[in-house]
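A.B. asks: I'd like to ask some things about the structure below.
Each reported figure results from applying straightforward, stated rules to the coordinates on display, with no laboratory input. A quick note: this is a predicted structure, and the numbers were derived from the prediction, not measured. Please note: Cβ atoms are built from the backbone with ideal geometry, for glycine as well, and neighbour counts cover all protein chains shown.
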Ligand code: GLC
């Protein structure tokens, strides 16, 4: 069955977390040349697209999401020419390239912020940012109680009575998109990368671009993740309508994907016909592994997306959450891969999850994620899912970089046991399952009706088809094996479906 609609409608996109993917020059940090050299691996894996995390000049206070020049390449990551080469190679291999645009904030080292800091209170140079007078006798208190997503207050003092807003790290001041120069610069950035030939853009922190101009206090009892005066406001959609028009002006169905965090009611509006093609479905990462939440969650997401003629963009893992093998357990991660690949929509896979990489416990002094520092050490942050990939059995750094180089995050002993080289020819490996599943999905699921028909299933299990006929996906979310043979013949399973039936935490595609 052939896919219909734009290339991204049911695409598998592989998130290349650049800093941890492949380090060609041996400085410990993954780079564009390294990633370029591994494109054949990704084509062989069977993905449709790669999403490159930021490669722009950055002081690296937040893994490159603190950008000091949005239209350039950080020399540690490579050059513009190298990026052009990567895009050309990717296209030759049949892979699309999606880049990450961080437009909500800049780095504190961005010329605009340096100028704002130097200019002093009341200066128009500060108008590009969210700057407010402090409270208290001499402005020594933050303007309000808004919280940074990374912990602590969302405001930092200039030291002259005025404070600036940073929803993330203190080194990531938020831009005020109502400012004409900010809007014009964002449009110029989008144009720059589209003209470079990228096939899509991910809009980082998509819902945060507009803040309530009255800067009201958070409601009493507010908790992280609740709606806020700075998340997913109606006005933010005006911005996406503008950017969608820009995307549409280029040939080739360029993709705009919103980094959204929220349920169907949050995601839906980004997918209106004059807005974006995709918005991340992150919620499934938190749904309990029980039939009811999954069934209801899938139905609600499908309803919210298909009403706009779009499909969900399932996120199986990312650099912002713990490793799939940690969240769902080793077996659960394999099972949920088969579930997501069978559902209608696109799927985002995170580099290293195809190897079943575990979350790494890092020592305090090894952690770079600002979340750790800003939460006063209460939260370990996201680095445990960002340890550089093992490509070979050894010696260290296991093919991530040249022998003798030191990766920016330490790889644990035995890391080579998870390597691509070790798994490539092992039919029971996570890598073999991912490859087989991606290949079979082309034939079995892609292009099938965008509806999920739930079938009767044993307790603790879910079973569905897409449309009236076609293959069935059966998943046992429970902790005990199902002592009944699944009906039909097994096309692919995440665990051996021997004698009695489907093992605990496993899934199968059945003909
Ligand atoms: C997004 C990125 C995350 C980053 C944050 C601030 O959520 O995925 O890694 O820390 O935005 O840019």
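A.B. asks: Taking R0 as 56 Å, what FRET efficiency do you get between residue 123 and residue 366 from their Cβ-Cβ distance, rounded to the nearest 0.05? Write out the running numbers ahead of the final one.
C.D. replies: On the way: r = 40 Å, r/R0 = 0.72.
For residue 123 and residue 366, the calculated efficiency is 0.90.
A.B. asks: Can you tell me the length gained on complete extension of the stretch residue 212 to residue 379, counting 0.36 nm per residue apart and subtracting the Cα distance? Could you put the intermediate results ahead of the total?
C.D. replies: Working: separation 167, 0.36 × 167 = 60.12 nm, distance 2.84 nm.
Between residue 212 and residue 379, full extension yields an extra 57.3 nm.
A.B. asks: Then there is this: So between residue 25 and residue 306, what do we pick up on full extension, going 0.36 nm a residue minus the alpha carbon distance?
C.D. replies: 96.6 nm
A.B. asks: Roughly how tilted is helix 80-92, in degrees to the nearest 10 and between 0 and 90, from the longest Cα axis of the chain?
C.D. replies: The answer is roughly 20 degrees.
A.B. asks: Also, I was wondering about something else. If I take the Cα coordinates of the range 38-161 and project them onto the principal axes, what are the three extents in Å, biggest first?
C.D. replies: Over the range 38-161, Cα extents along the principal axes are 64, 26, 20 Å.
A.B. asks: Under a crude label model (7 Å from the Cα following the beta-carbon direction), how far is residue 442 from residue 196 in nanometres?
C.D. replies: My value for the distance between the label points is 2.9 nm.
A.B. asks: Also, quick follow-up: Specify the inter-centroid distance of the range 459-511 and the range 32-72, based on alpha-carbon positions, in whole Å.
C.D. replies: About 37 Å separates the Cα centre of the range 459-511 from the one of the range 32-72.
A.B. asks: Once a ≥ b ≥ c are taken as the square roots of the eigenvalues of the Cα gyration tensor of the range 111-165, is the result rounded (a/c under 1.5), prolate (a/b larger than b/c) or oblate (a/b not larger than b/c)?
C.D. replies: Values: a/c = 2.33, a/b = 1.30, b/c = 1.78.
In terms of gyration-tensor shape, oblate.
A.B. asks: For the range 108-265, rounded, prolate or oblate, judged on the Cα gyration tensor with a ≥ b ≥ c (square roots of eigenvalues), a/c < 1.5 rounded, else prolate if a/b > b/c? Walk me through the numbers before you get to the answer.
C.D. replies: Values: a/c = 2.50, a/b = 1.48, b/c = 1.69.
Oblate, because a/c is 1.5 or more while a/b does not exceed b/c.
A.B. asks: Right, here's the next one. Fewest Cβ neighbours within 10 Å first, please rank 315, 67 accordingly.
C.D. replies: On the way: 315 24, 67 28.
Ordered from fewest to most neighbouring Cβ atoms within 10 Å, 315, 67 come out as 315, 67.
A.B. asks: How do 403, 339, 102 line up, fewest other C-beta atoms within 10 Å first? Mind dumping the intermediate values first?
C.D. replies: Numbers: 403 12, 339 22, 102 25.
Sorted ascending by nearby Cβ count, the order is 403, 339, 102.
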